[in-house]
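Only one structure is covered here, and it is reproduced in the block below.
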Amino acid sequence: MPAVIELEGLTKIYKAFGGPVTAVNGLSLAVEQGEIFGLVGPNGSGKTTTLKLLLGLLYPTKGQARVFGKDPVTDTAVRQRLGFLPEGPYFYEHLDAVEVLSFYAQLFRIPKNEKRQRIDRLLEQVGMADRQHVRLGQCSRGMVQRIGLAQALINDPDLVLLDEPTSGLDPLGARDMRNHILSLREQGKTVFLCSHLLSEVERMCDRVAILHQGHLLEVLRMSEVTGSLEDHFVELVEEAQRH
Amino acid sequence: MTFREALRRRVLNIILVFAVVSIGVSQLFSWLSTGEEMKFILDMCSNSIRFFSMLIAVLLGASMIPGEIERHTIFTILSKPVGRTQFLLGKYFGALLTLLMNIAIMSAIFMVVLALKKQGHPYLVNPTLWKGLFLVVIEVALLLAIAVAVSTVASTAFNLVFSFFIYFTGQMGSVFNELSKPERVANPVGRGLMALVYHILPHFENFDLRQPLLMGDPVPFRYVGEVTGAAVVYIAVVLALGYLLFSQREF
């Protein structure tokens with residue numbers, strides 16, 4: 001089965017006043033269908049940049065990214081199969097959860113009769129059914145994150161891209177988010193998530209790619225990691241810094 | 001979404017209130033002689049509608065894209081199967097709908113003011129007045145297109161200043177046309193520059209029908225058609241340019 005995500009020599013160089021900044025450097029990896037794949041690294045390692053390159057929000061300087069075999073920059077139709085939850089998501093504050101999901105459902109041209117059912121089901125799944133008419137401007141961070149996950153799933157995507165999904169959540173909220181993500185794999189979906197919270201990644205991911213300063217240090221299967229991921233990560237990064 | 005969001009923006013609602021008040025108070029000037037009073041009402045109301053519509057157009061257009069970027073809402077929208085053309089045109093027409101609603105409210109108050117004066121009744125069906133209101137719509141649609149196009153690459157602050165500058169400079173089209181003539185400016189480079197500015201800038205003065213309205217002069221439909229046609233072409237070019245800039249933008 002072809003890989004859901006294929007990155008080949010993916011490079012992104014930003015032009016900045018102080019000189020060019022290489023955010024991602026020659027990144028090559030593949031994500032298989034049905035797995036939860038984690039991209040980890042310290043802040044500024046290129047995780048979010050990689051995610052945005054997959055969504056066509058950024059354009060590669062070199063190399064290519066392919067999602068379901070298509071170029072996400074030129075083929076907007078591939079986004080029909082994607083769901084995306086950005087870090088610390090923001091939505092129109094004057095809308096409530098139902099209105100937000102309705103808006104995003106319209107972007108996918110989901111038929112009206114199906115739209116309401118999906119919205120109700122998703123709000124139930126993320127635990128926002130009894131607060132569906134609270135304006136987002138009055139919602140807590142955790143509530144907005146849940147609504148964000150619901151909007152990422154509104155189109156029943158095959159691939160879900162999550163940027164720091166548990167960041168800023170309390171332990172209960174993080175646990176709920178983790179359970180939601182694990183349930184996505186049970187539904188046969190592929191999940192690609194970025195996180196610097198290694199303890200969370202350890203509990204969710206099948207495989208993990210470790211980034212440092214835009215470079216891929218290693219791709220490993222969680223089942224092959226002896227000890228903690230954090231120790232392994234620190235060891236790798238320190239070795240990379242020595243070289 | 002743009003329309004709904006615009007309805008909730010306080011600054012736009014405040015501008016609308018000011019517009020309604022300035023149109024409404026025009027009828028308090030009954031101490032002027034009858035002929036002057038009507039001229040004053042027509043001038044002040046037309047001017048208020050034009051001015052406040054321009055303000056709303058620039059404020060809406062200038063904050064269009066920068067607002068979405070600052071709120072980070074643009075990430076979740078452009079990550080959906082929404083083309084950038086669709087996004088840009090959706091923002092433009094949503095803002096245009098807001099403008100139309102505001103102009104309709106201001107025009108309705110204007111009609112009430114005219115209806116309250118016996119000598120205002122003929123103006124309720126005056127073709128020049130209605131053509132003038134129609135051209136206000138076309139004028140702000142053009143100004144909005146410019147502001148939206150510039151918003152794809154510029155900050156709100158820059159765009160506000162730039163759009164106002166284009167609007168007010170565009171009122172001086174006839175001046176630039178005069179200055180492009182050899183009898184006015186000897187220097188060929190200077191003349192060329194004036195001619196370039198004249199041909200590039202939109203001629204906003206052409207949308208202003210206050211003078212014929214006040215003088216009672218008819219305005220041919222052909223004139224309205226020509227000005228509208230030119231504006232539509234200009235809008236299409238400006239939005240196309242905006243799309244080109246927007247398509248290169250990274251988020």
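Just so you know, all these numbers are worked out from the coordinates, no wet-lab data involved. Predicted model, so just to flag it, every value in this text is computed and none were measured. Here the Cβ is made from the backbone with ideal geometry for all residues, glycine too, and neighbour counts use every protein chain on show.
To the nearest whole number, what is the average tally of beta carbon atoms from other chains within 10 Å of the beta carbons of peptide A:45-53? Provide the component values of the computation, followed by the final result.
Values: counts 0, 0, 0, 0, 0, 0, 2, 5, 1.
Partner-chain Cβ atoms within 10 Å, mean over residues of A:45-53: 1.
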>> Report the number of Lys pairs in the stretch B:2-247 whose alpha-carbons are under 21 Å apart, with separation of 8 or more residues or on distinct chains.
In response: 4
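From the P(r) of chain B, can you give the percent of Cα pairs sitting at distances over 35 Å? Each step should come with its number before you reach the end.
Values: 6959 of 31375 pairs.
Roughly 22 percent, rounded to a whole number.
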>> Excluding same-chain pairs closer than 8 in sequence, count the lysine pairs in chain A whose Cα atoms lie under 23 Å apart.
In response: 16
> What is the calculated FRET efficiency for B:V233 to A:Q138, with r their C-beta to C-beta distance and R₀ = 41 Å, to the nearest 0.05?
Replying inline: 0.35
>> Please list, ordered by chain and number, the residues whose modelled amide H lies under 5 Å from the amide H of A:L217; skip anything fewer than 5 residues away on the same chain.
In response: A:I210, A:L211, A:H212
> If you project the alpha carbons of the stretch B:159-214 onto the principal axes, what extent comes out on each, in Å, largest first?
Replying inline: 36, 32, 13
> Across every pair of different alpha-carbon atoms, what Kirkwood hydrodynamic radius in Å does the protein assembly as shown reach?
Replying inline: 26.0 Å
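Antiparallel as a % of all DSSP beta bridges within the protein assembly as shown, to the nearest 5? All intermediate terms of the calculation are to be shown ahead of the outcome.
Details: 20 of 38 bridges.
That works out to approximately 55 percent antiparallel.
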> Measuring from centroid to centroid over Cα atoms, what is the spacing of the stretch A:88-107 and the stretch A:121-173 in Å?
Replying inline: 11 Å
> Other chains' Cβ within 10 Å of B:78-87 residues: what's the mean?
Replying inline: 6
> What is the Cα centroid distance between the stretch B:116-147 and the stretch A:35-77, reported in whole angstrom?
Replying inline: 51 Å
